[in-house]
1. Pull up the DSSP beta bridges for the chain and report the antiparallel fraction as a percent, rounded to 5.
2. Pulled fully out, how much extra length does the chain show between Lys64 and Leu118, if you take 0.36 nm times their separation in residues and subtract their Cα-Cα distance?
3. Of Asn76, Gly48, Gly65, which is farthest towards the positive pole of region 33-122's charge dipole, taken about the Cα centre with +1 and -1 on the beta-carbons of Lys, Arg and Asp, Glu respectively?
4. Once label points are set 7 Å from the Cα along Cα→Cβ at both Lys75 and Gln2, what is their separation, rounded to one decimal in nm?
5. Give me the tail of P(r) for region 55-123 as a percent: Cα-Cα pairs with distance above 14 Å.
6. Are there trypsin sites (Lys or Arg not before Pro) in region 38-123 that DSSP puts in a loop and that have at most 10 other Cβ atoms within 10 Å, and which ones?
7. In 10 Å bins starting at zero, report the fraction of Cα pairs in region 25-73 per bin as a rounded %.
8. For the chain, modelled as a Gaussian network with Cα springs under 10 Å, which listed residue fluctuates most, Val60, Val92, Val102?
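The values are calculated or read from the model by the stated rules, or taken from the named source; none is laboratory data. From a predicted model like this one, the values you see are computed outputs, not experimental measurements. With ideal geometry, Cβ positions are generated from the backbone for all residues, glycine too; neighbour counts draw on all protein chains shown. These accessible areas exclude ligands, DNA and RNA; they are computed on the full protein's heavy atoms, side chains included. Shrake-Rupley method; radii C 1.70, N 1.55, O 1.52, S 1.80 Å.
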Amino acid sequence: VQLQAFGGGLVQAGGSLRLSCAASGLTFSSYDVGWFRQAPGKEREFVGRIIRRGGSPYVVDSVKGRFTISRDNAKNTVYLQMNSLKPEDTAVYYCAADRSQVVSSIPRTYAYWGPGTLVTVSS
């Protein structure tokens, strides 16, 4: 099983980025996918999650109205669209797959992780 998040980079505050999470080696449509981030010196933080059928994406309050999650099961890919970026959004962003249908924000409940992609937002 492989998950790969990509699309990170350097962006000015107020700008946008779209991260992608490509999956292989699993029946992608059988997994919910979560996005997490980890800023330097901080714990990994839950950003949001999308269920396997693609409906009802959830994001945390700190990014609500700015970030949205979507997925394309035909492409085995989940997206994190990030708008109105702020310097405090700077972090390594990870995607992770969860076979359980119980919505969780806890990293250890996610079975598969990919290497993260760095997002740097300059002020």
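1. For the chain, the DSSP antiparallel bridge percentage is about 90.
2. Difference between extended and current length: 17.4 nm.
3. Asn76
4. 1.8
5. Here the tail beyond 14 Å accounts for 68 percent of pairs.
6. In loop regions of region 38-123 (DSSP not H, G, I, E or B), the sparsely surrounded trypsin sites (Lys or Arg not before Pro) are Lys42, Arg53.
7. Reading the bins upward from 0: 26, 45, 25, 4.
8. Answer for the Gaussian network model of the chain: Val102.
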